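The values are calculated or read from the model by the stated rules, or taken from the named source; none is laboratory data. Computed from a prediction, not measured in an experiment: that's the story for all the values here. So basically every Cβ, Gly included, is an ideal-geometry build from the backbone, and we count neighbours across all protein chains shown. The protein model used for the area step is the full one, side chains on, heavy atoms only, and it has no ligands, DNA or RNA in it. Shrake-Rupley method; radii C 1.70, N 1.55, O 1.52, S 1.80 Å.
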Amino acid sequence: FLYNRMGYWSDWSIPILVTTAAGFTYITVLLILALCHIAVGQQMNLHWLHKIGLMTTLITTVVTMSSIAQLWDDEWEMVFISLQATAPFLHIGALAAVTALSWLIAGQFARMEKATSQMLMFSAYLAVVVALYLVPLTISSPCIMEKKALGPKPALIGHRGAPMLAPENTLMSFQKAVEQKMYGVQADVVLSYDGVPFLMHDKTLRRTTNVDEVFPERAYEHSSMFNWTDLEKLNAGEWFLKNDPFWTAGSLSRSDYLEAANQSVCKLADMLEVIKDNTSLILNFQDLPPAHPYYSTYINITLETILASGIRQQAVMWLPDAERQLVRQIAPGFQQTSGLKLDAERMREKGIVKLNLRYTKVTNEDVRDYAMVNLSVNLYTVNEPWLYSILWCAGVQSVTSDSSHILRKVPFPIWLMPPDEYHLIWITSDLISFIVIVGVFIFQKWRLGSIRTYNPEQIMLSAAVRRSSRDVKIMKEKLIFSEINNGVETTDELSLCSENGF
């Protein structure tokens, strides 16, 4: 997205994550310091630099979240998916934090003289605690299940080959996918101006080739407007080593590094020759410009190339919706696959047996409903073991991944918890928290209940009583004069106060 608008490649996730971590750490430190001040009864005076820092962090957060909401609205679904993986553990952590906070709350409660203030504070705290106790009622994770109900491990489909180990959509990338014994691969097909099907994801050649150097005046042209003789002149591997999109180029062996540097644009026929005996295939197509000479016949040409390769028809998952009836007549063995979420009846009418969707577009219920009518679901692009684990628990049949070589080593979901075990942990945690909170309130009431009045200077003095400093002496003097104003008027009483260490 950013490359197409800014013209150069940069992994913007890194500065975003670093900035977020810095802001979160800064706010957390200030919060901890504030709680420490409250714990010892000190006044909190925030420095103007921290006020600026807090406002800057707030404004940055609001602007960033608004931008994400505008540009990548569907990414918010990730919040709910990630909670499926983390909610049970976040609940325990939040419970521990609120329970620990009871020491400060109980202390403030015991010091308050007004019953109204006490009730307001206690009611607010109680509402938060009770809400946390009941939160598990709203937690729904597919990994809270019996182990015997766990389905088979989702099959892995290499996204444009093995793009972490070699440049995407190159012959080397698909060779690596075959070496990793992937169930299938996914490829993006375009037709050249002279009718040769080749592999390219982007509309232009700028990101994954050196077209800026070889044909600078044509860099922004649609990739399909190049003849194959021109495409053969381009290097399709140097960008991978230079930009290192997955931070994996440095881990390549010397021979792989040299091979990646010399990759060229890949023909569909060459890729099919590599995978035809071992791997299934999902094909995606780019729409051609209306001015393209094969605009109306590119489906036929691509079909001829696939059938001529000798690959089993059952191994091909045909994704394009255009000319689907024609494809079913010419290649009846293809697995008709839809990139749109449809109901089961509509898919039966179209002869569709498989869905290929983004993982945010499908719920656990959808997966179960499709499985009941023998429709399999493939989800993309799944790169993280935790996400792979959630989809495994949900019963997804296959996933498309950039990191297939990593996910294939995941032997079992990261966590799997039977419902009875989860309920036991939930109830036990709530009981322990409740007992601790009640005990803390009773203890703090007993310890501080007799204190009717106090001022911040007294508590600051008691907190620093073991230190000998000019500030402590000044505080002693202020306290002495404060006591004089409260009625201590005789010299004998003042002398007695001094001798007793006040």
Sort out for me the Cα centre separation of the stretch 133-185 from the stretch 328-359, rounded to whole Å. 21
When a/c is below 1.5 the answer is rounded, else prolate if a/b is larger than b/c, else oblate, so apply that to the stretch 159-305 with a ≥ b ≥ c taken from the square roots of the Cα gyration tensor eigenvalues. oblate
In nm, to one decimal, how far is the Val214 label point from the Gln180 one, both placed 7 Å along Cα→Cβ? 2.6
Can you give the FRET efficiency to the nearest 0.05 for Phe80 and Ser13, using r as the Cβ-Cβ distance and R₀ = 25 Å? 0.75
With a 1.4 angstrom probe the carbon and sulfur portion of accessible area for the chain, in percent, totals 60
Sort 337-345, 177-185 for me by packing, meaning the mean count of neighbouring Cβ atoms within 10 Å per residue, highest on top. 177-185, 337-345
From the Cα centre of the stretch 360-411 to that of the stretch 72-89, the distance in Å is 15
Give the shape of the stretch 155-408 as rounded, prolate or oblate, defined through the alpha-carbon gyration tensor: a ≥ b ≥ c are the square roots of its eigenvalues, a/c under 1.5 means rounded, and otherwise the shape is prolate if a/b is larger than b/c and oblate if not. oblate
Select one label from [x] 0.97; [y] 1.41; [z] 1.08: the one whose number is Cα Rg over 2.2 N^0.38 Å as derived from the coordinates shown. [y]
How high is the relative contact order of the chain? Use alpha-carbon pairs under 8 Å, at least six apart in sequence, and give a whole percent. 18
If packing is taken as the average number of other Cβ atoms within 10 Å across a peptide's residues, how do 111-117, 387-393 rank, most packed first? 387-393, 111-117
Stretch gain in nm, segment Asn4-Arg328, where the contour uses 0.36 nm per residue and the Cα spacing is subtracted: 113.0 nm
Net charge near Glu146: determine it from the other residues with C-beta under 12 Å of the C-beta of Glu146, scoring Lys and Arg +1 and Asp and Glu -1. 0
Roughly how many nanometres apart are two label points built 7 Å out from the Cα toward the Cβ at Asn300 and Asp287? 2.2
Taking 60 Å as R0, compute the FRET efficiency from the Cβ-Cβ separation of Val353 and Val438 and round it to 0.05. 0.55
Cα-Cα over 22 Å, subset of Lys203/Lys341; Lys176/Lys203; Lys203/Lys267; Lys242/Lys276; Lys147/Lys361; Lys153/Lys181: Lys203/Lys341; Lys176/Lys203; Lys242/Lys276; Lys147/Lys361
Antiparallel content of DSSP bridges confined to the chain, in %, to 5: 15
If you count only protein heavy atoms with a 1.4 Å probe, what accessible area per residue comes out for the chain, rounded to a whole Å²? 56
